[in-house]
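The values are calculated or read from the model by the stated rules, or taken from the named source; none is laboratory data. Keep in mind it's a predicted model, so treat the numbers as computed, not measured. Neighbour counts run over all protein chains shown; Cβ positions are idealised from the backbone, glycine included. Quick note on the areas: whole protein, heavy atoms, side chains included, nothing else; ligands and nucleic acids left out. Shrake-Rupley method; radii C 1.70, N 1.55, O 1.52, S 1.80 Å.
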Amino acid sequence: MKFNTEIKIGDKLVTNKSPTFIIAEAGVNHGGDLDLAKKLILLAAKAGADAVKFQTFRADSLILKDVEKAPYQKISTGGIYRTQHDMLKILEVTPSQNIVLKNFCKDNGILFLTTPFEEESLDSLDELNLPAYKIASTDLTNLPFLELVAKKGKPILLSTGMSYMSEIESALECIYPYNRDVIVLHCTANYPISNDEVNLNVINSLKKNFEILVGFSDHTVGVGAAPYAIPMGAKVLEKHFTLGKDMLGPDHKASLSPDELIELVQVVKKVDKYIGKSIKNPTLSETLTRKSLQKCLVAKVVISAGEPFTATNITAKRTGGVGISPLYFHDICGKLSPRSFKVDEILEL
């Protein structure tokens, strides 16, 4: 399988050489409040993220009513909600609300993304004409759903938390006949995760096993591991954020604060600059330094006309960029001096 390595998401082109595409994951941190969702959009735009992402689901279609909350959800919400269904029901975003949020994103210069969690919600997003679909780790093994998403013909951002490499391969094999615009995101699906659960080396494994663009959905505390994934080849970064870590909901405690989100974007942009290009040549600022610091050949002792140049009568010193580079030392040794040279006089042929 060979997936596309140039993928357009809205007005952004994601390639192995492009700047990192940053997704500010609002998720369900709006708490079911549209005004709060708009504040999250404004924060993501202010921070400089490329996209802000929400979640679209119908609790009745997503989950059985008696399923317990995940362990991290029990910790973050205590006894406020009895089941996952109770908790998620109040966090639903309606189709009309998604339209409002998408338009609000457009007005504020940031891409709108949302994760569909079941077929009903997936189809409800058709009229939004999303620039891409983000698929959560929970659906990596949901092959019928992945096929439906692939047939929508939009780029797919595929999270891989809780999975084995063989399951990722099965998911990609399912998508491949219908869609080659896929970016696979390494992810560890807990909120938050400990440092020894990050396993950034998985990014190398994904690149080795699949010809595909790779990203990282980061659930570490604070700015955390995200910037370190960039030198390893991650071209998309996703990170949860909130307006307040003490707010009520399952994901706030594991999310970035407003200041942390701003810091993350700044650090990511700095890392992109640090990485730069892969071609090794003098940078613009090095050209003058090169003249000052690199050496050229000079006479080590007095050299008479017709005398052969040898390792004992020539040497390399800084000359301000004038003369013959010592790269050619062995080519010059043995040649006859065209004239006499004083000590420290710059060699010329």
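Name the long-range amide H neighbours of Ile9: under 5 Å, sequence gap of 5 or more, or other chain; modelled H, no Pro or chain starts.
Those lying under 5 Å, H to H, from Ile9 are Val14.
Hey, what's the chain come to in accessible area per residue, 1.4 Å probe, Å²?
For the chain, the per-residue accessible area is 49 Å².
Going by alpha carbons, how many degrees (0 to 90, nearest 10) lie between the helix axis of 165-175 and the longest principal axis of the chain?
Between helix and principal axis, roughly 80 degrees.
Only four residue types carry charge here, +1 at the Cβ of Lys and Arg and -1 at the Cβ of Asp and Glu. Report the dipole size of the stretch 26-134 about the Cα centre in Debye, rounded to the nearest 20.
Roughly 500 debye for the stretch 26-134.
Place a +1 charge on the Cβ of each Lys and Arg in the chain and a -1 charge on the Cβ of each Asp and Glu, then give the dipole magnitude about the Cα centre in debye, rounded to the nearest 20.
1800 debye
Cα gyration tensor of the stretch 223-319, axes a ≥ b ≥ c as square roots of the eigenvalues: rounded (a/c below 1.5), prolate (a/b > b/c) or oblate?
prolate
Add +1 for every Lys or Arg and -1 for every Asp or Glu among the other residues with Cβ under 11 Å from the Cβ of Thr188, and state the total.
It works out to a net charge of -3.
Show the residues, 5+ positions off or on another chain, whose built amide H is closer than 5 Å to the amide H of Leu256.
Residues meeting the criterion, in which the H sits 1.01 Å from N, are His240, Phe241, Thr242.
Cα-Cα over 19 Å: which of Lys12/Lys154; Lys39/Lys152; Lys12/Lys235?
Values: Lys12/Lys154 14 Å; Lys39/Lys152 30 Å; Lys12/Lys235 12 Å.
Table pairs above 19 Å Cα-Cα are Lys39/Lys152.
Show that you can apply the helix-only estimate: for the chain, add -39,500 (n - 2.57) for every DSSP H stretch of four or more residues, divide by all residues, and state [θ] at 222 nm to the nearest 500.
For the chain, the value works out to -9000 deg cm²/dmol.
Just in the stretch 3-73: which GluC sites (Glu not before Pro) are loop by DSSP and have at most 13 other Cβ atoms within 10 Å? Present the calculation step by step, with values, prior to reporting the outcome.
On the way: sites: Glu6, Glu25, Glu68; in loops: Glu68.
Passing both the DSSP loop test and the Cβ count: Glu68.
Which of Phe210, Phe21, Phe57 moves the most in a Gaussian network model of the chain with Cα springs under 10 Å?
Maximum among the listed residues: Phe210.
Can you work out the Karplus-derived ³J(HN,Hα) for every residue in the stretch 321-328? Use 6.51 cos²θ - 1.76 cosθ + 1.60 with θ = phi - 60°, whole Hz, and x for glycine or proline.
With the stated coefficients, the stretch 321-328 comes to x, 9, x, 9, 5, x, 4, 9 Hz.
Evaluate E = 1/(1 + (r/R0)^6) for Thr287 and Cys333, where r is the Cβ-Cβ distance and R0 equals 25 Å; express this FRET efficiency to the nearest 0.05.
Efficiency computed from Cβ-Cβ geometry: 0.30.
Do you know the relative contact order of the stretch 79-183, to the nearest whole percent, from alpha carbon pairs under 8 angstrom that are 6+ apart?
Relative contact order comes out at 21 percent.
Mind checking which of Pro19, Pro282, Pro250 has the largest fluctuation in a GNM of the chain, springs on alpha carbons under 10 Å?
Highest fluctuation among the options: Pro282.
What are the lysines whose alpha-carbon lies under 29 Å from the alpha-carbon of Lys335, with same-chain residues fewer than 8 places away excluded?
Lys291, Lys295, Lys300, Lys317
Calculate the length of the line joining the C-alpha centroid of the stretch 107-184 to that of the stretch 313-336, in whole Å.
Between the Cα centres of the stretch 107-184 and the stretch 313-336 lies a distance of 62 Å.
What is the percent carbon and sulfur in the accessible area of the chain, measuring with a 1.4 Å probe over the protein chains and ignoring ligands?
Looking at the chain in its full context, I get 52 percent from C and S.
Among the trypsin sites (Lys or Arg not before Pro) in the stretch 276-330, which ones are in a DSSP loop with at most 14 other Cβ atoms within 10 Å of the Cβ? Mind listing them?
Counting only loop positions with at most 14 other Cβ atoms within 10 Å, the trypsin sites (Lys or Arg not before Pro) in the stretch 276-330 are Lys277, Lys280.
Considering the chain as a Gaussian network with a 10 Å cut-off on Cα pairs, which listed residue, Ile193, Ile63, Ile314, attains the greatest mean-square fluctuation?
Ile314
Quote the relative contact order of the stretch 160-293 in percent (integer), defining contacts as alpha-carbon pairs under 8 Å separated by 6+ residues.
18 percent
Using only the Cα atoms of the chain, each taken as one equal point scatterer with no solvent, compute I(q) by the Debye sum, divide by I(0), and report log10 of the ratio at q = 0.08, 0.13 Å⁻¹.
The Debye formula, applied to the Cα set alone, gives -0.49, -0.94.
Taking Cα pairs under 8 Å and at least six residues apart, what relative contact order does the chain come out at, in percent?
So the answer I get is 16 percent.
Whole-Hz ³J(HN,Hα) for each residue in the stretch 332-349, computed from phi via Karplus 6.51 cos²θ - 1.76 cosθ + 1.60 with θ = phi - 60°, x for glycine and proline: what do you get?
7, 4, x, 6, 8, 5, x, 7, 7, 10, 7, 4, 6, 6, 5, 5, 8, 10
Taking amide H positions as placed 1.01 Å from N in the peptide plane, with prolines and chain starts having none, which residues 5 or more places from Lys134, or on another chain, fall under 5 Å of its amide H?
Thr114, Leu157
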